[in-house]
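The values are calculated or read from the model by the stated rules, or taken from the named source; none is laboratory data. Everything quoted here is computed from the prediction, not taken from an experiment. No Cβ is skipped: glycine too gets one built from the backbone with ideal geometry, and neighbour counts run over all protein chains shown. Side chains are part of the model used for accessible areas, which takes the heavy atoms of the whole protein and leaves out ligands, DNA and RNA. Shrake-Rupley method; radii C 1.70, N 1.55, O 1.52, S 1.80 Å.
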Amino acid sequence: MHNPDIAELFSRYAVLLEVKGANPFRVRAYRNAARTIENLPRDINEMLGGGADLTELPGIGEDLAHKIADIVTTGRFTPLEEISRRLPGHLAELAEVPGLGPKRIKLLFHRLKVGSMADLAAAARAGRLRKMKGFGPKIEANILKEIERRAATTTRLRLSVAEQIGGPLLAWLRDTEGVEEAVIAGSFRRRRETVGDIDVLVTCRKGSSVIERFVLYPEVADVLAKGSTRATVRLKSGLQVDLRVVPARSYGAALVYFTGSKAHNIALRAMAMKRGLKFNEYGVFKGARWLAGRTEAEVYAKAGLAYIEPELRENSGELEAARDGRLPDLVSLSDIKGDLHAHTRASDGQDSLKEMAEAARKLGYSYLAITDHTAHVGIVHGLDRRRLRQQMAAIDRLNAKFRDFRLLKSAEVDILPDGRLAIDPGVAKELDLVVAAIHTKFGNDARTQTDRLLRAMDDPCVNIIAHPTGRLLGEREPYELDMQRLMEGARERNCLLEINAQPSRLDLNGAHCRLAKQIGVRLVISTDAHTAETLGYMRFGVDQARRGWLEATNIANTRNLATLLAQLKR
DNA sequence: GCCGTTTTCGGCCCGACTGTTTTCAGTCG
């Protein structure tokens, strides 16, 4: 039982409780706990093993702490088993269908014996749903449509893909008469690594004109809802887009509201309530009197808080930090002085040394590390000792032409199954830095994998561990790893860990970044670019660092070349 | 079931839209 499993148990239990008609706040408590557990940087098994007190986690009290401990020791969650005797466990999956909430699910189960997605599909196809009280032909049709859509699959999109879809849509809306502001809020603005939908916020002198134009956007496949202040569509790509229109004086309040996260909003409103204020998407109110709402900063100020950057809005301590003046001064893209992980066509990249260097200079960098793969079974076109030395000579020739910029000699070295490095130790010493990474044996258990990485870091030539979890978003799970032990080991050895800015990787994630800051291990943000153009992915890595509360001082490549090289020394 | 800058008990966010209704419940974000 790992964190995602426990979170899933609580989520399922919450749905069943809801169907049973339990206290809604108790239901919410399970949902909150599931969310907390899902976002933990450490495995709960390890935390409990280390004697951690789970009640210190937000949303987890005495009761849930005991239940979690039970789940971890017995592998079972008895309350769910008990409730499953009366309600089928698969009932919970029905809640994923839009339009189905606890009341309708309850009705479906009691009247039609619908207990799973398959039952639902059968009942809908037989036309049995429309006869139910509170149902009708439209709801039945929507459910059928959703069942078909799910069969065709759509999952969360990578942030970079969402940007490609959202950009042109935003341009279309901005091109509408009367539109003043048009921005994407939601998890997109919080810079989550993947987004499930796009929330667009618009201020417009004539509300209805922008809604009318929105549904005419050529990429729209389906209009799911359409009113005077909001509309929801599904694009041909499958992505759902919500549009909200608010008056200009409500722009800040609405931006807070629609940026979320939901948990952040609920906590923020609770804080406002204690001050006798009401927050909604139109502003801050005392009774019926409007007090503020034009900017986000004035909304937060009314709650007695400093402005909170969107990346922090997850209700994971940012509200308390804003109240107490403890918010971090987040690292930004302009702080980045260079990139420490990039490939050329010498290995699996596409561009030349010179093209990579020119692109890095154009970004205003003062250094770029060339980290082509070293030769090793399974690594295509890896550089052997001879080719690596040739590349070093080529770098020397190029560097002779640069002022205020330097290519760093480096290599991405594979960490072998036993923790040794796939590079000739003699050549390694000639490099400015070595980036090491795992590319094989992803299936090791946590102890073996952690030992393997620590052994690699024992070699003093290793400076940076690249993409430390090996995950590929939507494709490959991270390998098992004791992140706490890895980070403590890295700190002891003065080895750095990488935030990989590839939109498909983005590991370390936000929670890991926070853990790194707490442990005091230094990080780098690198693009792992395989083309000159994708050196521009740096911003995604910076987003991830910001979500992890990191400041420029936590990131080695915000330093100038001399300081960086000093920090790399082991 | 959680939580404490009014509370260790009594609170717990709130408005818009849909589809079903004849005035609103249910769902969503």
Taking A:His341 as the residue in question, decide whether it is in contact with a Ser or Thr (Cβ under 6 Å, 6 or more places away or on another chain) and not assigned by TED's automatic domain parsing to the domain that holds A:Thr259.
-> yes
Would it be correct to say that A:Glu533 is surrounded by fewer than 24 Cβ atoms within 10 Å (Cβ to Cβ), under 19 Å from the mean Cα position of the chain (by Cα) and over 21 Å from A:Gln449 (Cα atoms)?
-> no
Given the conditions (1) in a helix (DSSP H, G or I); (2) surrounded by fewer than 16 Cβ atoms within 10 Å (Cβ to Cβ); (3) within 16 Å of DNA strand B (Cβ to nearest atom); (4) of a type in the set (A, V, I, L, M, F, W, C), every one holds for A:Ile143 apart from (2)
Could you tell me whether any residue of region A:306-327 is open to solvent by less than 20 Å² (accessible area, probe 1.4 Å), in a loop (DSSP other than H, G, I, E, B) and over 30 Å from A:Ala428 (Cβ atoms)?
-> yes
Subset of region A:92-129 [over 33 Å from the mean Cα position of the chain (by Cα) and not in a helix (DSSP H, G or I)] | A:Lys113, A:Val114, A:Ala126, A:Gly127, A:Arg128
Of everything in region A:158-188 that's of a type in the set (D, E, K, R) and open to solvent by 50 Å² or more (accessible area, probe 1.4 Å), which residue is farthest from A:Arg313 (Cα to Cα)?
-> A:Glu177
Among the numbered criteria (1) over 24 Å from A:Glu163 (Cβ atoms); (2) assigned to a loop (DSSP other than H, G, I, E, B); (3) modelled with pLDDT of 95 or more, which single criterion is violated by A:Leu453?
-> (2)
Filtering region A:489-500 down to residues that are touching a residue at least 12 places away in the same chain (Cβ under 8 Å) and open to solvent by 10 Å² or more (accessible area, probe 1.4 Å) yields A:Arg491, A:Arg493, A:Asn494
Among the candidates A:Arg385, A:Arg389, residue that is under 15 Å from A:Ala422 (Cα atoms), over 31 Å from the mean Cα position of the chain (by Cα) and basic (Lys, Arg) = A:Arg385
Residue that is nearest to A:Ile465 (Cα to Cα) [pool: residues in region A:318-359 that are within 16 Å of DNA strand B (Cβ to nearest atom) and of a type outside the set (D, E, K, R)] | A:Leu327
Residue that is at pLDDT 85 or above, in the same structural domain as A:Arg31 (by TED's automatic domain parsing) and within 6 Å of DNA strand B (Cβ to nearest atom), where the choices are A:Gly136, A:Gly127 | A:Gly136
Among the residues of region A:52-65, is there at least one that is outside the structural domain of A:Glu318 (by TED's automatic domain parsing), within 22 Å of A:Leu486 (Cα to Cα) and touching an Asp or Glu at 6+ places or on another chain (Cβ under 9 Å)?
-> yes
Would you mention how many residues in region A:35-62 are exposed (fewer than 12 other Cβ atoms within 10 Å of the Cβ) and assigned to a helix (DSSP H, G or I)?
-> 3
Considering only region A:59-116, state which residues are acidic (Asp, Glu), in contact with a Ser or Thr (Cβ under 9 Å, 6 or more places away or on another chain) and more than 8 Å from DNA strand B (Cβ to nearest atom).
-> A:Asp70, A:Glu93
Collect the residues in region A:462-488 that are surrounded by fewer than 18 Cβ atoms within 10 Å (Cβ to Cβ) and touching a residue at least 60 places away in the same chain (Cβ under 8 Å), keeping them in residue-number order.
-> A:Gly474
Could you tell me whether region A:262-276 includes any residue that is assigned to a loop (DSSP other than H, G, I, E, B) and surrounded by 14 or more Cβ atoms within 10 Å (Cβ to Cβ)?
-> no
